1. Take the conditions surrounded by 18 or more Cβ atoms within 10 Å (Cβ to Cβ), among the aliphatic types (A, V, I, L, M), more than 30 Å from B:G47 (Cβ to Cβ) and at pLDDT 75 or above and apply them to B:A126. Does it pass?
2. Return a yes/no flag: does the range A:192-207 have any residue that is assigned to a helix (DSSP H, G or I) and surrounded by 15 or more Cβ atoms within 10 Å (Cβ to Cβ).
3. May I ask you to list pairs of residues, at least six apart or on different chains, whose Cβ atoms are under 7 Å apart, with the first in the range B:115-126 being without any contact (Cβ under 8 Å) to a residue 40 or more places away in the chain and the second being of a type outside the set (G, A, S)?
4. Counting only residues that are touching a Leu at 6+ places or on another chain (Cβ under 8 Å) and assigned to a loop (DSSP other than H, G, I, E, B), which one in the range A:159-191 is farthest from the other protein chains (Cβ to nearest Cβ)?
5. Return the total of residues in the range A:221-244 being more than 25 Å from the chain's Cα centre (by Cα) and either among the charged types (D, E, K, R) or surrounded by 13 or more Cβ atoms within 10 Å (Cβ to Cβ) (or both).
6. In the range B:402-413, what residues are within 8 Å of another protein chain (Cβ to nearest Cβ) and without any contact (Cβ under 8 Å) to a residue 12 or more places away in the chain?
7. Being buried (at least 24 other Cβ atoms within 10 Å of the Cβ) and of a type in the set (D, E, K, R) narrows it down to one residue among B:E284, B:E202, B:E241, B:E256; which is it?
8. Do the conditions hold for A:S174, that is, is it surrounded by fewer than 21 Cβ atoms within 10 Å (Cβ to Cβ) and of a type in the set (S, T, N, Q)?
Amino acid sequence: MLKINNLHATIGDKKILKGINLEVKEGEVHAIMGPNGSGKSTLASVLAGREFVKVTEGEIIFNGKNLLELSPEERSKEGIFLGFQYPIEIPGVSMVAFMKAAVNAHREYKGLEPLSASDFLKLMREKKELVEIDSKLANRSVNEGFSGGEKKKNEIFQMAMLEPKLSILDETDSGLDIDALRVVANGVNKLKRGDTSSIVITHYQRLLDYIVPDIVHVLYDGRIVKTSGKGLALELEIKGYDWIKKEVDQN
Amino acid sequence: MGMSNKTDYTDRYLGYFDKSIDEIRESSSPLVNSFRESAITTFRRMGIPSRKNENYKYTDLTPFFDHDYQTSFLPRAEDIKEAENFRCNVAELDTHGIILVNGYYPHAQRLIELPQGIWVGSFNEASKKFKALFEKHYAKYASTEKDGLVHLNTAMASDGIFIYVPDNTICEQTIQIVNIVQSTEEIFNQHRNLIVVGNNSEMTMMICDHTLSPMKFLTNAVTEVSVGENSKYNIIRIQNEHNSAGKITHTFINQERNSFASSNNISLHGGLIRNNTYHFLSGEGAETRSNGLYLTDKFQHTDNYVSVDHFVPNCSSNQLFKGVLDDISTAAFNGRIYVHPDAQGTTAYQRNNTILLTDDTKMNTKPHLEIYADDVKCSHGATVGQVDEDVLFYLRSRGIDKREAKLMLMFGFAHDVIQDIPVAAIRERLDNLVMQRLRGELSRCASCMVKCCE
């Protein structure tokens, strides 16, 4: 599904990603862990198409397409979804208008007619129930005045509406209490199908108790320095990142 | 005001006065005439404001005022014909609609009594029939030492709209005034409106400013409003004129005890727009909202000057003005809050936010607070900036293309002002007009009989 080859990227003059190689196959859940400043969020930004990150070398192939040639909106319509670490508040734009524009853009891309008003509201209702978000949130302006937890749940709701092939959850667990964390993780698990994949970016093991990864990577100083099964996450939880840093720095 | 604050083309307007005043006097009531001499004297002293006038620092009137216009200070036969068929059939909007053509009330029936004793009609006619009301209210609020144009209007205006809502009366319908300028000649018009809302009453009015022919036009309009005790009054002004139209409005709203008033200036299109909105909080417990939205492009310029006087204790006021500027257009906002020494317990807020879509647009924003009481809550804030890239990316990351995402953002930004408008049907209509305007389409009411932009 996704293949990243030798990816280098800079922000301003600073080299952040220094040769990332990663392959995600259909149905897999990958966790990317690592200390602060290792490049985790930059990787998510590159995948979603943020313009302030410049790719200097390497390629990303997503379902046979050169991802780096696609605009953020095309990537979304191809099936990539980024769950934001800091979801944005948009006063004056209702969740309904936002999701309607997004869903219909996806439908147009697939050659489908836009949803009727009633079918759209029905879809909203179903997905709200699926991810257990408060009905009232969907009637408000996008994220405006939402608590941290509500914002993260709203990301999962958007994911449910758009049914991505590959979801990238960037530090979705940061700032969540345990109940919100459970709701978010349940949502992700319910949306999982045999042909969808996820990349879960997290600093802590906590989220991985709920979203169980097939493969865990450790990102350090712009490179993936360790790849292993889910046991690696637990090891990191106990031992921290220092031993990995030491290992890398010695080589 | 020294001589330097007035422009040298002031003489042209004194010339218009000399040329037309006999005719104007002849058609007007003695009461309205009694103000003309002192008004023209004041105008002669103050003149057309130049940019040296602090209140006009950011608006150059020269391109519109330094120009020779045909002066039609009396109604013309062809204007009258326009009005015959007029009907506004905005869906779900229950209005009593009237039309004003080139500043004149052209309906054959000069004054109409609506159910509940509400009177609507010609200012000129009403000044003869409602002498006591005019004596009490006419030219009582429209007086400023800062703007000669108000005095020019008092000196020369002869017609406009009159509305009277008696005590204990709720006007269920929105009173809609379609104010059109249409001529094969370049004309300067000055109309005068007087609105009197009694005690314990309610009224909402909407003024749609349109131009129907592509000539160069200039309008200098004054509206005086008196809102009685415990009453509610809303004015919604929708401005949609062509790029050769200059529009100066002066609206004075005086409020008595425990009254509520809102002013909503929605400037969608026009070459030069300058709205002066004065709020006088004269009775305790009065509340006022002064809102505005300005969307400009090409070489347009829109300026809102707002002045709120808190004369008495325990009143509140809130100003919200927002705008989106495109191409090489410019705009200005000047919000004055004056809390007089007696006005303890005042709350007064002000906010102005502008989005600049290009590097060549320019916005001048200036809060002006003078506070002479000590138990007061006041705040003001202004922002001028670009469309937020982070917000844009968020929308795009969900599949919405860049153009549409930008539109959604601007629409949301503008909706902040629209959502405050008290009539749902007008809100919906305005949302549509704003969306059309932001899309770069001509915005007009599909069901408006006046096909102004076709």
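1. yes
2. Checked the range A:192-207: at least one residue is assigned to a helix (DSSP H, G or I) and surrounded by 15 or more Cβ atoms within 10 Å (Cβ to Cβ).
3. Close Cβ pairs (under 7 Å, with a partner that is of a type outside the set (G, A, S)) amount to B:E125/B:R110; B:E125/B:L111.
4. A:D173
5. Residues in the range A:221-244 being more than 25 Å from the chain's Cα centre (by Cα) and either among the charged types (D, E, K, R) or surrounded by 13 or more Cβ atoms within 10 Å (Cβ to Cβ) (or both): 2 in total.
6. Matches in the range B:402-413: B:K402, B:E404, B:G412.
7. B:E241
8. yes
The values are calculated or read from the model by the stated rules, or taken from the named source; none is laboratory data. All figures in this text were calculated on a predicted structure; none of them were measured in a lab. Please note: Cβ atoms are built from the backbone with ideal geometry, for glycine as well, and neighbour counts cover all protein chains shown.
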